[in-house]
Amino acid sequence: MFPEKKTIVIGNWKMHGSLQSNEIFLEKLLSTLEDLNSADFFCGIALPAIYLFQFSSRLDNAPFFIGAQNVAQWEEPGAFTGEINAMMLAEFDCKFSIVGHSERRKYFGETDKLVAKKASNLLKSGIIPLVCVGEGQQEREKGSAIHFVKNQIDEIASCLGSDLLKKCNFAYEPIWAIGTGNVAKESDIVEMHGAVKELLVQIMGEVPAQNISLLYGGSVNAENVLSIVDQENVDGILVGGASVSMETFGKLLEKLAGRRQ
Ligand code: 13P
């Protein structure tokens, strides 16, 4: 699990990075975390898998975790050209992996069933799944956003079973808020996070449900981060665009540093 009682900040680099710019990022991230009181938050970066080695070789006691953005649906080695399984990720200090990001659902046709299989593979290798859910513009406009997201979680829960679900964490990422600058309204975030927590309590009971972290993602930046993380049932954030450079990510971390829980 992610550490409790800390605000979780996960950067999702998507398809960004280069060997040279990663070095600059790493230097700046390490010095920023040293300067800030990172006891107040927990920082992770979901990297393109090809950069896991570059980061893992520099992690000695570093105060952040690295993760992946995806994992193969197949557990065992096999004839699956281009795929990377959970056992391979684990070898590179990969502590968590995003699964079911809306971009994977959209461009690679990933279903909730597949997302559940991937989460299960990750857990077998000791990697925390960060399961993404979220409605599109249409569902939001129709007023069915909560129904849509609860269905996604229900489907994943029925494939995974509550024992494994207890070991997952979730990110609510409304698709219309991703990369658009249109961050969800605070009241909508509170409503959705409350509904998700309630559903998790129904599925697994109060205590395990409270241990699951629920992050918000979608156009989070240094300007809006505090108004988001201060909302009820928001345990942290999943940051795309603002996480790929330390100019923007550093500012966001500075905002979180020293903030009282
Ligand atoms: P942006 O922060 O760029 O909107 O991306 C959010 C996201 O998809 C993180 O997984």
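Odds and ends about this structure:
- Unit Cα scatterers, Debye sum, segment 1-148: log10 I(q)/I(0) for q = 0.15, 0.16 Å⁻¹: -0.84, -0.93
- Counting charges near VAL115 (Lys, Arg +1; Asp, Glu -1) among other residues having Cβ under 10 Å from its Cβ returns a value of +2.
- Helical segments meeting 30 Å axial Cα length and Kyte-Doolittle 1.0 threshold in the chain (DSSP H): none
- Overall form of segment 192-243 per C-alpha gyration tensor (a/c, 1.5; a/b vs b/c): prolate
- Segment 113-217, relative contact order in percent, only Cα pairs under 8 angstrom and at least six apart counted: 32 percent
- Directionally averaged projected area (the chain, Cα convex hull): 12.9 nm².
- Local electrostatic count at GLU223 - Lys and Arg +1, Asp and Glu -1, tallied over other residues with Cβ under 10 Å: +2
- A Förster distance of 30 Å, applied to the separation of the beta-carbon atoms of ILE50 and GLU206, puts the FRET efficiency at 0.15.
- The listed peptides 189-198, 115-124, ordered by packing as a protection proxy, come out as 115-124, 189-198 (highest mean of other Cβ atoms within 10 Å first).
- Neighbourhood net charge (14 Å Cβ-Cβ; Lys/Arg +1, Asp/Glu -1) for ALA195: -4
- Averaged over its residues, segment 13-79 has an accessible area of 52 Å² per residue, based on protein heavy atoms and a 1.4 Å probe.
- Between CYS43 and VAL9, PHE65, the built amide H atoms are under 5 Å apart, and every one of these is 5 or more places off in sequence or on another chain.
- Pairwise FRET efficiency - THR81 versus SER227, Cβ, R0 = 45 Å, nearest 0.05: 0.50
- Two-decimal Rg/Rh across segment 1-74, once Rg and the Kirkwood Rh are taken from alpha-carbon atoms: 0.97
- Helix-only CD estimate at 222 nm, as mean residue ellipticity for the chain, using -39500 (n - 2.57) per DSSP H run (n ≥ 4): -12500 deg cm²/dmol
- Accessible-area composition of segment 1-128, carbon plus sulfur, in percent [1.4 Å probe]: 55 percent
The values are calculated or read from the model by the stated rules, or taken from the named source; none is laboratory data. Since this is a predicted model, take the numbers as computed values, not measurements. Positions of Cβ are backbone-derived with ideal geometry, glycine not excepted, and every protein chain shown enters the neighbour counts. Calculation scope for accessible area: heavy atoms of the full protein, side chains included, ligands and nucleic acids excluded. Shrake-Rupley method; radii C 1.70, N 1.55, O 1.52, S 1.80 Å.
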